[in-house]
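Everything on this sheet refers to the single structure shown next.
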Amino acid sequence: MLRRSTAVAAALVVLLATGCSVVGVLDETSSESSDNSALGDAKLRDRVRALVERARSVHVVVDAIGNGEPDTHTDMRLDARTGDFTARMESGDLVVEVISVGSDVYVRATRLFWADALGYLDPQDDALINDLYGKYAHLVSDDPLRADVLTTSKSYDPRGFVGVLAQATRRAGPAPNAHPSIVFEQTGPTGTTHVYIPSKGRPLPELAILTGAPTHSRTIAWSDYDAPTRVLPPTPDLILEMPYGVNRSPSITAPPPVAHGASPAGDNVR
């Protein structure tokens, strides 16, 4: 008995020495195996909010449908502690890669993308587009493209969807992948948002479906919460300093409309 008590005391000393909250650790451990469907509304919403705010990182996959056809596919890894992220956006043959570290945003894309963004409004544009081949453009601070990719990343941060839970209607039901889930549904003037929380385990958002017009929707899937994520800038040989900003952001990088009560996460504002 003495040996066991000593071991428990030692464990508590380690927790306190590392700055961990004993209550927080116990709560997170219990939530790993909890039956979320048995929790009352207020307790479930509070637990979701607390876990999302504590998440260190997340993998985000977004699929947009326009006019009933696949439009844009985005794969993003976000360091929630810093707001740094990497993203790859695809639409048809168009591919755009983004690396955001601190206040620096780097974009690599095809000639077609840069031609659309720059618009050939300056005689130097053609030479700049050629120089950008295979390079990451280090965007200037007032570039509208920089503002748009940062806004887009915030709109996919799960913390931005916690606000939906406060006003949404809760119901049980499977997610589209038939995974047992708790569904929060909110309908607004422009459409409906469904946020799916697993019925068992840590109640972290795993899916959101935003539906506007019958032929337009956006699906956001979150996974790999707290996986080691370290975002690094491109190597110097792959960076081209942009001498000026673009004329406009092509549609592939334009932020989606704020959805029905969800708001972009404010923690990552640069």
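Of note:
- Strands (runs of 3 or more DSSP E) (entirely within the stretch 76-178) containing at least 2 residues that are exposed (fewer than 13 other Cβ atoms within 10 Å of the Cβ): 169-174
- Residue selected from the stretch 194-224 under the condition part of a strand (DSSP E or B), over 18 Å from residue 52 (Cα atoms) and hydroxyl-bearing (Ser, Thr, Tyr), by the criterion nearest to the chain's Cα centre (by Cα): 219
- In the stretch 234-250 there is at least one residue that is surrounded by fewer than 20 Cβ atoms within 10 Å (Cβ to Cβ), over 30 Å from residue 123 (Cβ atoms) and at pLDDT 80 or above.
- Taking residues in the stretch 39-61 that are closer than 10 Å to residue 80 by Cα, and partners anywhere that are surrounded by 13 or more Cβ atoms within 10 Å (Cβ to Cβ) and among the small types (Gly, Ala, Ser), the pairs with Cβ atoms closer than 8 Å and at least 6 places apart or on different chains are 55/80; 56/80; 57/80; 58/80.
- Within the stretch 55-72, being under 13 Å from the mean Cα position of the chain (by Cα) and part of a strand (DSSP E or B) holds for 57, 58, 59, 60, 61, 62, 63.
- Which numbered condition residue 212 fails, given (1) at pLDDT 90 or above; (2) over 18 Å from residue 159 (Cβ atoms): (1)
Listed here are the residues, each with its yes/no results for (1) at pLDDT below 95; (2) under 30 Å from residue 81 (Cα atoms).
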| position | (1), (2) |
| --- | --- |
| 121 | yes, no |
| 135 | no, yes |
| 155 | yes, yes |
| 163 | yes, yes |
| 167 | yes, yes |
| 174 | yes, no |
| 180 | yes, yes |
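- Residue match in the stretch 184-200 (condition: among the basic types (Lys, Arg), surrounded by 19 or more Cβ atoms within 10 Å (Cβ to Cβ) and farther than 30 Å from residue 114 by Cα): no
- Exactly one residue among 116, 79, 84 is over 16 Å from the mean Cα position of the chain (by Cα) and of a type outside the set (A, V, I, L, M, F, W, C), and that residue is 116.
- Boolean, residue 248 is among the charged types (D, E, K, R) and assigned to a strand (DSSP E or B): no
- Residue 227 at pLDDT below 85 and either outside any loop (DSSP other than H, G, I, E, B) or not acidic (Asp, Glu) (or both): no
The values are calculated or read from the model by the stated rules, or taken from the named source; none is laboratory data. In this text, all values refer to a predicted model and were calculated from it rather than measured experimentally. Neighbour counts are summed over all protein chains in view; Cβ atoms, including those assigned to glycine, are modelled from backbone coordinates with ideal geometry.
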